[in-house]
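The values are calculated or read from the model by the stated rules, or taken from the named source; none is laboratory data. Treat the numbers as computed from the prediction; the structure is a model and nothing was measured. Cβ placement follows ideal geometry from the backbone for every residue including glycine, while neighbour counts extend to all protein chains displayed. Note: accessible area is taken over every heavy atom of the protein model, side chains too, but ligands, DNA and RNA are not part of it. Shrake-Rupley method; radii C 1.70, N 1.55, O 1.52, S 1.80 Å.
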Amino acid sequence: EAQVTQNPRYLITVTGKKLTVTCSQNMNHEYMSWYRQDPGLGLRQIYYSMNVEVTDKGDVPEGYKVSRKEKRNFPLILESPSPNQTSLYFCASSPDGRELFFGEGSRLTVL
Amino acid sequence: DQQVKQNSPSLSVQEGRISILNCDYTNSMFDYFLWYKKYPAEGPTFLISISSIKDKNEDGRFTVFLNKSAKHLSLHIVPSQPGDSAVYFCAASAGRYGNKLVFGAGTILRVKS
């Protein structure tokens, strides 16, 4: 089954404690992206990657890092999480950067 | 500065009637538009798209209309069904490889039976 898998689905952490949200896709897509969803703001792009070892900033990259060492994986790293990073996060992959296939989301709370 | 705006946070429609969801954009470089649908506790799923060279695209009960001069697109659902109750996001991209997909804030559609 074609899918994008994110882990963890739910996480409560404290300010400053580094965390990683993993994302893996099995559709051999070159394009992958991370979004955060906040009330009234819709989906905002954090980072995207057009291929292995190629990443670029989206609209809200501050406080986040990504890496793309393999085609299937695109982890999101929060080096020092802060409460304003409390949000619902979605990873997506795509054959063309337009029609996105999303994961089920990771709800992160930073206390 | 929101380049893609969905001005109606919510919409309530009776089952069997038409649902019309609206979206406005400001960037004239946008040349491809998409609608995504999202159920609670799930990721968004692609619904329908339209290129700027067209003014209408139809897929079953779903039709998207594009008015380039007004920088406006709309999604029509006919007839509406209770299973259509979800959040609908409008999105737009510029350029052939849409690395910059910009989303609206979403509209919650409730279809009452």
- Note on the structure: Scanning segment A:19-58 for residues that are open to solvent by 40 Å² or more (accessible area, probe 1.4 Å) and within 8 Å of chain B (Cβ to nearest Cβ), the one farthest from A:P81 (Cα to Cα) turns out to be A:M50
- Taking the stated definitions as given, is B:K56 within 15 Å of the chain's Cα centre (by Cα), open to solvent by 50 Å² or more (accessible area, probe 1.4 Å) and touching a residue at least 12 places away in the same chain (Cβ under 8 Å)? no
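Residue-wise test of (1) over 20 Å from A:K17 (Cα atoms); (2) of a type in the set (S, T, Y).
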position	(1), (2)
A:Y31	yes, yes
A:P81	no, no
A:S93	yes, yes
A:F101	yes, no
A:S106	no, yes
- Note on the structure: Residues in segment A:59-92 that are under 10 Å from the mean Cα position of the chain (by Cα) and crowded, with 20+ Cβ neighbours inside 10 Å total 8
- Query: Of the residues that make up segment B:60-82, is at least one at positive phi and buried (at least 21 other Cβ atoms within 10 Å of the Cβ)?
  - Reply: no
- Task: Would you check if A:G40 is free of Cβ contacts under 8 Å to residues at least 12 places away in the same chain, part of a loop (DSSP other than H, G, I, E, B) and not charged (D, E, K, R)?
- Result: yes
- Top-ranked residue in segment A:93-111 [being touching a Gly at 6+ places or on another chain (Cβ under 7 Å) and under 15 Å from B:F103 (Cα atoms); ranked as least open to solvent (accessible area, probe 1.4 Å)]: A:G97
- Pick out the one residue from B:I48, B:I108 that is under 12 Å from the mean Cα position of the chain (by Cα) and free of Cβ contacts under 8 Å to residues at least 40 places away in the same chain. B:I48
- Looking only at segment A:44-97, count how many residues are at pLDDT 95 or above, closer than 17 Å to A:M27 by Cβ and part of a strand (DSSP E or B). 5
- Message: Considering only residues that are modelled with pLDDT of 95 or more, of a type in the set (G, A, S), open to solvent by 20 Å² or more (accessible area, probe 1.4 Å) and outside any strand (DSSP E or B), which ones fall in segment B:9-51?
- Response: B:G16
- Message: Which residue is nearest to A:F102 (Cα to Cα), if the candidates are limited to segment B:83-112 and must be open to solvent by 60 Å² or more (accessible area, probe 1.4 Å) and outside any strand (DSSP E or B)?
- Response: B:K100
